Amino acid sequence: MRIVGGAWRGRRLASVGKGDTAAHLRPTTDRVRESIFNLLVNGGHADALDGTRVLDVFAGTGALGLEALSRGAATATFIEQGRKSLSILRENIDLLGADARVHARDARRPGPGTPHDLIFLDPPYGQSLGEKAIAALRDQGWIAPEALIVWEEAAPPILTGLRHIDQRKYGDTTVTLAKME
């Protein structure tokens, strides 16, 4: 894995190796990540990156949030609870010298937070965790009123309280763009 664009373009990220099968590590591939950021920029959401506050939920390796920092986001906050994922996430932050915050907690019970403008949501597929996390994050103040949400899932998610913007399929990954209603 590597950063595909921006100031850190080409920089390698920590190897996931065989990962931890119990952790269900499924990093967003470079190709899908590049497609997501092209969709943001070319889909009229370029301002979603410039100086924004990014929240990477179910962060895993942190590749999405770190990519956003590389491309001009002001801050990145990561929510992840898996021990192996947290280790790789912190290693990636250190490798890039990124100024980022990590919250080691369950995204469905995040506790109070500050509003973020761009939300990356990449829950384990097929477990309906994304819907529960979005509700909790909204209720706890993590999501700004006009936040753009980039949601990765195997199938199109249920967008309760969200307005559908766009949706694309990349192999077994469906990427949905939505905004808070």
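Listed values, structure above:
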{"quantity": "Neighbours by Cβ (under 7 Å, 6+ apart or cross-chain): first from the stretch 81-97, over 17 Å from Trp8 (Cβ atoms); second of a type in the set (Ser, Thr, Tyr)", "calculated": "Ser85/Thr61"}
{"quantity": "Out of Asp122, Asp117, sole residue that is surrounded by 21 or more Cβ atoms within 10 Å (Cβ to Cβ), acidic (Asp, Glu) and farther than 21 Å from Val32 by Cβ", "calculated": "Asp117"}
{"quantity": "Condition check for Thr114: among the β-branched types (Val, Ile, Thr) and part of a loop (DSSP other than H, G, I, E, B)", "calculated": "yes"}
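Matching residues to (1) of a type in the set (D, E, K, R); (2) surrounded by 12 or more Cβ atoms within 10 Å (Cβ to Cβ); (3) in contact with a His (Cβ under 6 Å, 6 or more places away or on another chain); (4) in a strand (DSSP E or B):
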site	(1), (2), (3), (4)
Ala136	no, yes, no, no
Gly141	no, yes, no, no
Pro145	no, no, no, yes
Trp151	no, yes, no, yes
Thr160	no, no, no, no
Ile165	no, yes, no, yes
Arg168	yes, yes, no, yes
Val175	no, yes, no, yes
Lys179	yes, yes, no, yes
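Every number in this text was worked out from the coordinates using simple rules, so none of it is lab data. Since the model is a prediction, treat every value here as computed from it, not as a measurement. A quick note on method: Cβ atoms are made from the backbone with ideal geometry, for glycine too, and the neighbour counts reach across all protein chains shown.
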